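Read the structure below first, then the notes.
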Amino acid sequence: MNFGISFAPLVPDYVVWAVAAAAAVIALLLVVARMRGAWIRTLALALLVLALANPSFTREDREPLSSVAVMVVDKSASQGFGDRAAQAEAARAALTDRLQRIPGLELRTVEAGQSDGESDGTRLFTALGAALADVPPERVAGAIMLTDGRVHDVPADAAALGFSAPVHALVTGHPGERDRRVVLTSAPRFGIVGQQQTVTFRVEDTGAPRSSAQVRISRDGETVDRRLVMSGDQVRVQVPIPHPGQNIVEIEASPIEGELTPLNNRAVVSIDGVRDKLRVLLVSGEPHAGERTWRNLLKSDANVDLVHFTILRPPEKQDGTPINELSLIAFPTRELFQQKINEFQLIIFDRYARQGVLPIIYFDNIARYVRDGGAVLVAAGPDYASQTSLWRTPLESILPAEPNGNVTEQAFRAALTDVGKRHPVTRTLEGANAEPPHWSRWFRIVDARPTEGMTVMKGPDDKPLLVLSREGEGRVALLLSDHIWLWARGYEGGGPHIDLLRRLSHWLMKQPDLEEEALRLFARGREIVVQRQTMAETAAPVTLTAPSGATRTLELDPADAGVWRKSMEASELGLWRATDGKLTALVNVGPANPREFAEVTSTTEVIGPLADATGGGARRLATRAGPDIDVPRVVPVRSSETFKGDAWIGLKMREASVVRGVGVLPMFAGLLGLLLLVGSLALTWAREGR
């Protein structure tokens, strides 16, 4: 219970001060002039000023509040090394028992440091701030942290904590711990496909003398180099980037004897492979209505460098016009199909027939170019069924369908085959799932018999319309109609010509997202999604390997035509591997190289300076080898600058309270105020009357 005096002036404050000043001047004059009754008059004036100020006696009924202490328990992955977790739990139990015995102390215990797959590092002070979010600073008694000392959100100074109370760190682990880690000093984020990128790293040993390490460099799970390096030396390694998309480079060093964990003996670099300008050669036969469909599509892609030739005047077309009067460019056949053919990622023949422009030997070069990794797309028209068909060239060995010499001219709607419903090129084409397909009709198809590959689209009477094939290291596509331009012109509503042609050309150029057989891993926070793209009717079980080496077998569930999928929660940060025996996929959960595993030896040096600044300190629970730990006593301290000793730690006990009731008694209200004022005037009059 607290007593006090409060004022509630009856007039504005400036009036009270003006009256007080006037009363003070009058009182001073009375005293200086030594007039009779000066002190009585002064008392009367003072009572008048007090009456205007309206003072009151107050009484507050207060209830004391408990002081709040927070114990933050580090549950990060590095706490799982050695016997750290057991030390922390033993200290937690002992401290909880001791803290609960202190009267007037409220204990809050929070667990922090668990990885969510998105944040990087151990963030104990973030958890501390959340635990004290509803506690006023004047109630905070302090914080005790049970950790290995590797904390990544330590404030720059004590003022940033938001309270004035001690912070203590009780560090798990043992002095003299040993560990080896791989440190990346420079690594690119992007790389041109077909070129090499330089990655710089070093091997660091903590608590061990300098020694050599066997280092393996792998890309997408395949070893590309091995090195013997000395710890502490900078090492530069060249890594080839063979494909677009994510290239995961892993650098792994051999372990040292007695180290805490091999998890940080490797570092991961994800390099996104990007293609330089894709060079496409488009060769058109005689001009036709759909010729510009291919040109417009390829020219709209800023990443495509298009070389387009149209055969306007084949050799057999001789009309006597002198060569020097023709505004035509000679077709550079030797340069394109012999000297520079390997510079192109894709060659497109659009309604091209054997017209004597290309010697037969160049078709041999094209077939060899495909088997060595190139790509050819043939958009066929009636020419493919003629005697001058490309089938009647050395390209016959790579083309996936043999023409029978007939051309069917009737209205039909292109449709997906059962294979096409699973193939990435055609699977999700807009309108394909309707019956009939929701796109316009075509009116011509070249009759042909598939000899190899996969037929993904069909025409009337199930005739093959689009056939895809692999030849050696390369790929071939055959479109047996020249009416796709009807989709581009919007005839009867058109069709998905852009999606189809773009996917088709990208599949030919080996875009990873369009592979028929693929195993992929995706990380979404703490969730891992395993996805299998396959042309088969079933998908084999997938073995998932965690960063620690633990394995788990997953049975995939059908998600879409040709797609099987399964998700699970990732229990560890780092590089995960998946394999079904044929294909392998990698994904990194969380940061590529988590700070949690960058340095794993326990230490008091990270959190020590801040703890000292608050009056607390950082100390080890175990100062020697063995399972025994020394848990300090907890002492409540009312007022001090230091809250630690050799075998004890202190908490700052607060005197905070909350007001439960207030009583107010005005001094000049009612009969009492009237008596005081009248009494002072009467006393003044009595003194004057003598």
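In this structure, is Leu107 over 24 Å from Arg595 (Cβ atoms), in a helix (DSSP H, G or I) and not assigned by TED's automatic domain parsing to the domain that holds Met568? Steps first, answer last, please.
Details: over 24 Å from Arg595 (Cβ atoms): yes; in a helix (DSSP H, G or I): no; not assigned by TED's automatic domain parsing to the domain that holds Met568: yes.
Spelling it out, it is not the case that Leu107 is over 24 Å from Arg595 (Cβ atoms), in a helix (DSSP H, G or I) and not assigned by TED's automatic domain parsing to the domain that holds Met568.
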Task: Failed item, numbered, when Gly431 is tested on (1) on the phi > 0 side of the Ramachandran plot; (2) crowded, with 18+ Cβ neighbours inside 10 Å; (3) not aromatic (Phe, Trp, Tyr) - done: (2)
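For region 190-220, enumerate the residues that are in a strand (DSSP E or B) and closer than 30 Å to Leu278 by Cα. Break it down stepwise before answering.
In the first step, residues of region 190-220 are kept if they are in a strand (DSSP E or B); the result is 190-192, 196-206, 212-219.
The answer is Phe190, Gly191, Ile192, Gln196, Gln197, Thr198, Val199, Thr200, Ile217, Ser218, Arg219.
Matching residues to (1) without any contact (Cβ under 8 Å) to a residue 40 or more places away in the chain; (2) touching a Pro at 6+ places or on another chain (Cβ under 8 Å):
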{"residue": "Gly590", "(1), (2)": "no, no"}
{"residue": "Glu605", "(1), (2)": "no, no"}
{"residue": "Thr614", "(1), (2)": "no, yes"}
{"residue": "Ala618", "(1), (2)": "no, no"}
{"residue": "Thr642", "(1), (2)": "yes, no"}
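Tell me which residues, restricted to region 157-192, are hydroxyl-bearing (Ser, Thr, Tyr) and touching an Asp or Glu at 6+ places or on another chain (Cβ under 8 Å). Walk me through it before giving the result.
To start, the set of residues in region 157-192 that are hydroxyl-bearing (Ser, Thr, Tyr) comprises 164, 172, 185-186.
Selection gives Thr172 alone.
In region 153-172, how many residues are in a loop (DSSP other than H, G, I, E, B) and either within 31 Å of the chain's Cα centre (by Cα) or among the hydroxyl-bearing types (Ser, Thr, Tyr) (or both)? Steps first, answer last, please.
Of the residues in region 153-172, the ones in a loop (DSSP other than H, G, I, E, B) are 153-157, 162-166, 172.
Narrowing the set further to residues that are either within 31 Å of the chain's Cα centre (by Cα) or among the hydroxyl-bearing types (Ser, Thr, Tyr) (or both) leaves 153-157, 162, 164, 172.
Total satisfying the criteria: 8.
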Open item on the list: Given the options Val199, Val280, name the one that is of a type in the set (Val, Ile, Thr), within 30 Å of Val357 (Cβ to Cβ), touching a residue at least 60 places away in the same chain (Cβ under 8 Å) and touching a Leu at 6+ places or on another chain (Cβ under 8 Å).
Closed with: Val280
Task: Answer residue from region 104-119, given it is under 30 Å from Asn588 (Cα atoms), buried (at least 17 other Cβ atoms within 10 Å of the Cβ) and not polar (S, T, N, Q) and is modelled with the highest pLDDT among those - done: Ala112
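In the list Glu335, Glu343, Glu316, Glu325, which residue meets the criterion of being modelled with pLDDT of 85 or more, more than 20 Å from Leu399 (Cβ to Cβ) and either within 53 Å of the chain's Cα centre (by Cα) or surrounded by fewer than 20 Cβ atoms within 10 Å (Cβ to Cβ) (or both)? First the steps, then the outcome.
Details: Glu335 fails: modelled with pLDDT of 85 or more; Glu316 fails: modelled with pLDDT of 85 or more; Glu325 fails: modelled with pLDDT of 85 or more.
From the options Glu335, Glu343, Glu316, Glu325, the qualifying one is Glu343.
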TODO: Could you run through region 188-215 and say how many residues are over 27 Å from the mean Cα position of the chain (by Cα), closer than 26 Å to Ala585 by Cβ and surrounded by 15 or more Cβ atoms within 10 Å (Cβ to Cβ)?
DONE: 1
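How many residues does region 540-587 contain that are polar (S, T, N, Q) and in contact (Cβ under 8 Å) with a residue 40 or more places away in the chain?
Applying the first criterion (polar (S, T, N, Q)) to region 540-587 yields 543, 545, 548, 551, 553, 567, 571, 579, 584.
The next check asks that each one be in contact (Cβ under 8 Å) with a residue 40 or more places away in the chain; those that pass are 548, 567, 579, 584.
Of the residues in that region, 4 qualify.
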Task: Extreme residue, modelled with the lowest pLDDT, among residues of region 401-431 that are polar (S, T, N, Q) and within 46 Å of the chain's Cα centre (by Cα) - done: Thr428
Open item on the list: Please return the ranges of strands (runs of 3 or more DSSP E) entirely within region 421-530 where 3 or more residues are of a type in the set (A, V, I, L, M, F, W, C) and more than 21 Å from Trp294 (Cβ to Cβ).
Closed with: 518-524
- [ ] Say whether the condition of being in contact with a strand residue (DSSP E or B) (Cβ under 7 Å, 6 or more places away or on another chain), over 19 Å from His483 (Cα atoms), small (Gly, Ala, Ser) and not in a loop (DSSP other than H, G, I, E, B) is met by at least one residue in region 375-383.
- [x] yes
Task: Out of Arg101, Arg36, Arg41, Arg59, sole residue that is over 30 Å from Arg524 (Cα atoms) and at pLDDT 85 or above - done: Arg101
TODO: Kindly state which strands (runs of 3 or more DSSP E) lie completely within region 245-292 and contain at least 1 residues that are over 23 Å from the mean Cα position of the chain (by Cα) and crowded, with 20+ Cβ neighbours inside 10 Å.
DONE: 245-253, 278-284
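To keep it simple, each residue is scored yes or no on (1) of a type in the set (Asp, Glu); (2) under 17 Å from Thr310 (Cα atoms); (3) assigned by TED's automatic domain parsing to the domain that holds Asp305; (4) outside any loop (DSSP other than H, G, I, E, B).
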residue	(1), (2), (3), (4)
Ala353	no, yes, yes, no
Leu358	no, yes, yes, no
Phe363	no, no, yes, yes
Ala367	no, no, yes, yes
Val370	no, no, yes, yes
Gly373	no, no, yes, no
Leu395	no, no, yes, yes
- [ ] Please work out if Glu396 is more than 21 Å from Glu516 (Cα to Cα) and either touching a residue at least 12 places away in the same chain (Cβ under 8 Å) or basic (Lys, Arg) (or both).
- [x] no
Task: Filter result for the condition that a residue is under 29 Å from the mean Cα position of the chain (by Cα), surrounded by 13 or more Cβ atoms within 10 Å (Cβ to Cβ), more than 27 Å from Ala253 (Cα to Cα) and polar (S, T, N, Q), over Ser602, Ser571, Ser567, Ser548 - done: Ser567
Task: Tally, over region 646-657, of residues that are assigned to a loop (DSSP other than H, G, I, E, B), out of contact with any helix residue (DSSP H, G or I) (no Cβ under 6 Å at 6 or more places or on another chain) and modelled with pLDDT under 90 - done: 3
Task: Qualifying position, being more than 27 Å from Asn404 (Cα to Cα) and either hydroxyl-bearing (Ser, Thr, Tyr) or buried (at least 20 other Cβ atoms within 10 Å of the Cβ) (or both), among Gly525, Gly459, Gly495, Gly474 - done: Gly495
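The values are calculated or read from the model by the stated rules, or taken from the named source; none is laboratory data. Note that this is a predicted model, so its numbers are computed, not measured. Every residue, glycine as well, gets a Cβ built from its backbone with ideal geometry; the counts of neighbours run over all protein chains shown.
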